[in-house]
Amino acid sequence: MYNYISYIVPMLLCSAFIIVTLGHKYKKLNFNVTIIALLSSLIFTLLSLPKLLNEGIIIYQLSGWQAPFGITVAVDGIGFLILSLIFLIGLIVAFISKHEIKKRRYQFYTLFMFYNVGLVGMTITGDIFNFFVFLEISSMSAYILSSFNRDKPAFESSIKYIIIGSFASSIFLIGIAMLYGMYGTLNMADLMMKIVPGFGNNIPLALILTGLFMKGAIVPFHAWKPDVVKSNPASFGLAISATSTAVSLYAIFRFVYTVFGAFYFSKMLIYIALLTMFVGAVMALQQKDLKKMIAYSAISQSGYILFGFGLGMMENIGFVSAIYHLINTVIIDAVLFISAYIISQHFKTSDMSKMGYISRQNKLFTVTFGVALLSLTGIPFLNGFASKWMLYIVSLSLYPFAAFVSFIVSVITLAYSFKAFHLIFLNDKRDYEKTPLFIPLSHKVMLAVLLVIMLVLGFFPDLGLQLSQNIIDLSLSRDLYLMGVLS
Amino acid sequence: MIVISYYAAVIFMALGIYAVVSKENLIKKIIGLNIFTMGIHLFLIIIGFKENGIAPIITALNSNYFVISSVDPLPQALVLTSIVIDLSVTALALITATLVYDKFKTIDTNKINKLEG
């Protein structure tokens, strides 16, 4: 069967090249090339689905070099899901930024394509140094994008992000160097075969995890993310909250579960996850800025996903709930950031204390935002409920305390959701009815589709559950990965 | 020789971490990042180093003792890639630092944080 996955990275790179050379002359080209590249990448990903279902894993040896010597492309179930999410979120980001980015559009789209190249590469690669290079590609374009507004907050967040981010990548590089020194290989499957269980493995694994935690904004290393999201366009905020976190969580799964088989790390992952969800929710409660609140809430939700991965090391059902929650969170994040763009465009600020009374102007928009906030909390018959409920059930039998903490965090989530909803939609300190709320057609369509998906997943949770179960079935076999890459 | 180099690598990394964490001047922080990365590069190079090793190029003369006597070429390739990445990150960080100076008229991180809240 033909291999489509390996065409995605060169295609995205070519589109970035086209935009940077021709973009500032032909204005319409920027958006069109971005959309075409992302759509065709999505189609290529979906075309490789039969191969994934047939063989259990998609393997491609780049330029015919066999596995321990060349670079391998390996995509399993979760990798396939993450790739689809990257392109879907990328399309949403492109549509938001069509209205949001007014000047220097070709710079935005070029850097956004490079960002996607990095994320796709991190997802599909089977080589740890190659992973590091793609990590740097996506990080570098994110550093530049985070100073896109060229004002004081943007530069402050950007320099903070550069220093924290490149420090984290260097720590990641020490981990790689140690692994190469210990086992003499960089290929993930080869490493998997050669690794001898023992205490010495923990140091490189911990260094690698530190780098990934910084990239994904997991709590002790989350400080850069809210500032970056606050001082930049909402479209870039969506990209960095949804896809970057998803890819780093996938990489954590790949390293801890597949490569190292370090099931004893589950307890540490669970502690960090509890810290992440708690700190994220408590900080979200204090924020006055809408974008900053959404960023902290995204951090809190990534804690839930990491919690599921930690539980999954002990019982596989934990992985299923984590993947289900990942899908739900990405959908909710998309709705929240599209709404954040519309709202901050309407009030010319993202400070929540200066907003009020949208509910009288647009009922349907109010309902959509309310549904997104309630499903973030995990109210029954909305999409966040089933996945959070599964997490509670799984953790109740293993760690009752962790289940208690995650339930408390859900209550805090409800509190800040209500606060935001009250301040933006119900608060009637001032009279805002003069200017009507403007929602572009493409945003209306996206919000409607996402609302339907949220409600469908809420009323028929079995659909999402079945999907995540199938994805997990395709990615849990370590032997299949080993055999697929090395044979 | 190898042991001393390992110590040197660790000292470089420690100095870099110290500079990044404790200095308040942005330029000093960036220099600290550079020293940290240099330590890692040294560490990578020593992993592939052999005492009295030969250059990893196979010729007709050395093919029978090549494997036992040549140094490992892979870490050198990794370091080359990593140096390029480090160069571009440093350039980007310095550009951003000058832009920060243009806007804030200072490169003291404490003052920048205070100004912006």
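The values are calculated or read from the model by the stated rules, or taken from the named source; none is laboratory data. The model shown is predicted, which means the values in this text are computed figures rather than measured ones. Don't worry about glycine lacking a Cβ; one is built from the backbone with ideal geometry, like all the others, and counts go over all protein chains shown. To get the accessible areas, we keep the full protein, side chains included, count just its heavy atoms, and leave off ligands, DNA and RNA. Shrake-Rupley method; radii C 1.70, N 1.55, O 1.52, S 1.80 Å.
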Before rounding to the nearest 500, sum -39500 (n - 2.57) across all DSSP H runs of length at least 4 in chain A and divide by the residue total; then give [θ] at 222 nm in deg cm²/dmol. -24000 deg cm²/dmol
Could you state the angle between the C-alpha long axis of helix A:363-377 and the longest principal axis of the C-alpha atoms of chain A, as a value from 0 to 90 degrees rounded to the nearest 10? 40
Counting all Cα-Cα pairs in region B:2-116, those more than 18 Å apart amount in percent to 63
In degrees between 0 and 90, to the nearest 10, how far off the longest principal axis of chain A does helix A:202-216 point, with axes built from Cα atoms? 30
Among A:Thr45, A:Ala420, A:Leu374, whose Cα projects farthest towards the positive end of the dipole of chain A, with charges put on the beta-carbon of Lys, Arg (+1) and Asp, Glu (-1)? A:Ala420
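If the convex hull of the alpha-carbon atoms of region A:35-116 is projected onto planes in all directions, what is the mean projected area in square nanometres? The partial results should precede the final answer.
On the way: hull surface 26.2 nm².
For region A:35-116, averaging the hull's shadow over all directions gives 6.6 nm².
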Given the options B:Pro73, B:Ile35, B:Thr98, identify the residue whose Cα lies farthest towards the positive end of the charge dipole of chain B (+1 on Cβ of Lys, Arg; -1 on Cβ of Asp, Glu). B:Thr98
Based on the Cβ-Cβ distance of A:Asn3 and A:Asp428, what FRET efficiency does E = 1/(1 + (r/R0)^6) give at R0 = 56 Å, to the nearest 0.05? 0.45
Helix by helix, which DSSP H runs in chain B go 20 Å or more along their axis at the Cα atoms and have an average Kyte-Doolittle hydropathy of -0.5 or more? B:2-22, B:26-47, B:74-104
accessible surface per residue for the protein assembly as shown, probe 1.4 Å, DNA/RNA/ligands not counted, whole Å² -> 40
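Report, please, the projected area of region A:161-245 averaged over directions, based on the convex hull of its C-alpha atoms, in nm². Each step should come with its number before you reach the end.
Working: hull surface 25.4 nm².
That works out to 6.4 nm².
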Across 5 Å bins from 0, what is the distribution of all Cα-Cα pair distances for region A:1-55, in whole percents? 4, 20, 24, 18, 13, 9, 6, 4, 2, 0
Whole-percent tail of the Cα-Cα distance distribution for region A:391-470, cut at 19 Å, equals 69
Residue separation between B:Lys105 and B:Ala8 times 0.36 nm, minus their alpha-carbon distance, gives in nm 31.2 nm
Table column - 3J(HN,Hα) (Hz), region A:3-20, Karplus curve with 6.51, -1.76, 1.60, x for Gly and Pro: 9, 9, 4, 6, 7, 5, 4, x, 5, 5, 4, 4, 5, 4, 5, 4, 5, 6
From Cα coordinates alone, what are the radius of gyration and Dmax values for region A:431-473 in angstrom? 16.9, 55
Mean projected area, convex hull of alpha-carbon positions in region A:264-487, reported to one decimal in nm², is 13.5
Bin by bin, in steps of 5 Å, what percent of the Cα pairs in region A:1-157 do you find, going until the bin that has the longest distance? 2, 9, 17, 21, 19, 14, 9, 6, 3, 1, 0
Charge tally for neighbours of A:Ile208 with beta carbon under 13 Å away, counting Lys, Arg as +1 and Asp, Glu as -1, is +2
Using only the Cα atoms of the protein assembly as shown, what do you get for the radius of gyration and for Dmax, in Å? 24.2, 89
Taking only Cα atoms, what is the 0 to 90° angle, nearest 10, from helix A:152-183's long axis to the longest principal axis of chain A? 10
Might you report the magnitude of the Cβ-based charge dipole of chain B about its Cα centre, with Lys and Arg at +1 and Asp and Glu at -1, to the nearest 20 debye? 380
Cα-based Rg and Dmax for region A:301-429, where Dmax is the largest Cα-Cα distance (Å): 16.4, 52
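Expressed in nm to one decimal, what extension gain is obtained for the pair A:Val282 and A:Ile43 from 0.36 nm per residue of sequence separation less their Cα-Cα distance?
Numbers: separation 239, 0.36 × 239 = 86.04 nm, distance 4.03 nm.
Fully extending the segment from A:Val282 to A:Ile43 adds 82.0 nm.
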Rg/Rg_globular for region A:145-299, with Rg_globular taken as 2.2 N^0.38 Å and Rg from C-alpha atoms: 1.14
